[in-house]
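A short worksheet on the structure shown next.
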């Protein structure tokens, strides 16, 4: 039986977690470079939690400067079994008003300036990614959202753009025509890398504004966005606290096999694998290598 360790990657505005006991911080070295910040370790009702601010404390990293591979590798080395990504986002739907939480279940990746895989020349792997969110973890988050009486939507498609600029009106309307629900800048390649690392992953997307498609609302205003963001952060922290208190202390197998994603994924023959790359994959793929 594997002990559950709940990981939280905090997006814009989420730089710490209240209610943690036995707190300490540690900088974890990875073969992929520096994570965004030190990892915070603690417990809630005996459940181990590991927290990482995605943009660094003080928000020093833009979405394209984040070392996503180092962040996920560090979480894996810290023993994280289940990872919740907290992310600010814009809305493409009238009913998804600012303040709504969206439990995303699909992504469209429009990023282009980021390293998207731990694998490559010398060790090629292809993981299944049709269902990018672990449904068991999403069920737990939904239960916590209901208990905290939060306004949420279960399911939705998250369009991940490169940024750091917001969308043009033409782009915003294009993404709406694709039936996307929300837009943000950070969940790719994070979700893909979590799958490669066999960590169950789910996104808690916090709507801060309507994207610029909405003619009845002014274009994105940073002052209004930040106020909504801070209100959302309070909701997210309440939800995470409830989630942790109710979370199973033994890791539950993922219904779609997120935690065994590498079982049949590595294609390169053992004798042709690059020893240097294998060394870097010691945490991510150690179970199968």
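The values are calculated or read from the model by the stated rules, or taken from the named source; none is laboratory data. Just so it is clear, the structure is predicted and the values come from calculations on it, not from any experiment. Don't worry about glycine lacking a Cβ; one is built from the backbone with ideal geometry, like all the others, and counts go over all protein chains shown.
A compact table of results
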item	result
Residue among 74, 70 that is in contact with a strand residue (DSSP E or B) (Cβ under 8 Å, 6 or more places away or on another chain), in contact (Cβ under 8 Å) with a residue 12 or more places away in the chain and within 22 Å of residue 163 (Cα to Cα)	70
Residues of segment 128-152 that turn out to be surrounded by fewer than 19 Cβ atoms within 10 Å (Cβ to Cβ) and more than 16 Å from residue 240 (Cα to Cα), as a count	5
Residue ID - surrounded by the most Cβ atoms within 10 Å (Cβ to Cβ), chosen from residues in segment 32-53 that are under 26 Å from residue 242 (Cβ atoms) and touching a helix residue (DSSP H, G or I) at 6+ places or on another chain (Cβ under 7 Å)	49
Residue identified as modelled with pLDDT of 95 or more, crowded, with 20+ Cβ neighbours inside 10 Å, part of a helix (DSSP H, G or I) and touching a strand residue (DSSP E or B) at 6+ places or on another chain (Cβ under 7 Å) among 236, 194	194
Scan of segment 54-71 for residues that are more than 11 Å from residue 36 (Cβ to Cβ) and surrounded by 24 or more Cβ atoms within 10 Å (Cβ to Cβ), ordered by number	69
Yes/no for residue 176 being touching a residue at least 40 places away in the same chain (Cβ under 8 Å) and either surrounded by fewer than 23 Cβ atoms within 10 Å (Cβ to Cβ) or on the phi > 0 side of the Ramachandran plot (or both)	yes
Where residue 260 falls short, out of the listed (1) over 22 Å from residue 144 (Cα atoms); (2) over 20 Å from the mean Cα position of the chain (by Cα)	(2)
Selected residue (only one of 281, 243 is modelled with pLDDT of 95 or more, buried (at least 16 other Cβ atoms within 10 Å of the Cβ), touching a strand residue (DSSP E or B) at 6+ places or on another chain (Cβ under 8 Å) and over 26 Å from residue 139 (Cβ atoms))	281
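Residue by residue, here is whether (1) in contact with a helix residue (DSSP H, G or I) (Cβ under 9 Å, 6 or more places away or on another chain); (2) in a helix (DSSP H, G or I); (3) within 22 Å of residue 189 (Cβ to Cβ); (4) modelled with pLDDT of 95 or more holds:
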residue	(1), (2), (3), (4)
89	no, no, yes, no
99	yes, no, no, no
107	yes, no, yes, yes
118	yes, no, yes, yes
129	yes, no, yes, yes
132	yes, no, yes, yes
140	yes, yes, no, yes
